[in-house]
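Read through the structure below, which is laid out as structure tokens, and then see the notes.
What follows is calculated from the coordinates using simple rules that are stated; it is not laboratory data. Please read all numbers here as calculations on a predicted model, not as lab measurements. Every residue, glycine as well, gets a Cβ built from its backbone with ideal geometry; the counts of neighbours run over all protein chains shown.
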Amino acid sequence: MTDWIAKERGRVGKADFAPEVKKMYASAIKLSSRFTKEFSDFWNVDAKSIFTPGAKP
């Protein structure tokens, strides 16, 4: 499981998702600071900088 999470973290950091999934995450991050924090904490990434165009970490 730890290996899978590490591998997926790389995909998450690059937003390597289907366009529909990217759009869903971008919308959720725009609308919910709670979701943004939980997503960022779980994946150990800065969700805003990944899914918000022009955002800085």
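Observations on the structure shown:
- Cα→Cβ-extended label distance, 7 Å offset, between S33 and D46, nm: 1.8
- Relative packing of peptides 30-41, 2-13 - highest average C-beta neighbours within 10 Å first: 30-41, 2-13
- Based on Cα contacts under 8 Å between residues 6+ apart, the chain shows a relative contact order of 31 percent.
- Coupling constants for segment 6-18 follow from the phi torsions by the Karplus curve (6.51 cos²θ - 1.76 cosθ + 1.60, θ = phi - 60°), and in residue order they are 4, 5, 5, 4, x, 5, 4, x, 9, 6, 7, 10, 4 Hz; glycine and proline get x.
- The M24 and T2 beta-carbon pair, evaluated with R₀ = 35 Å, returns a calculated FRET efficiency of approximately 0.85.
- According to the Kirkwood relation over distinct C-alpha pairs, the hydrodynamic radius of the chain is 11.5 Å.
- Acute angle (nearest 10 degrees) that the helix 33-43 long axis makes with the longest principal axis of the chain, alpha-carbon atoms: 20
- Secondary-structure-derived ellipticity at 222 nm for the chain, considering helices only, amounts to -22000 deg cm²/dmol, per-run term -39500 (n - 2.57) for DSSP H runs with n ≥ 4.
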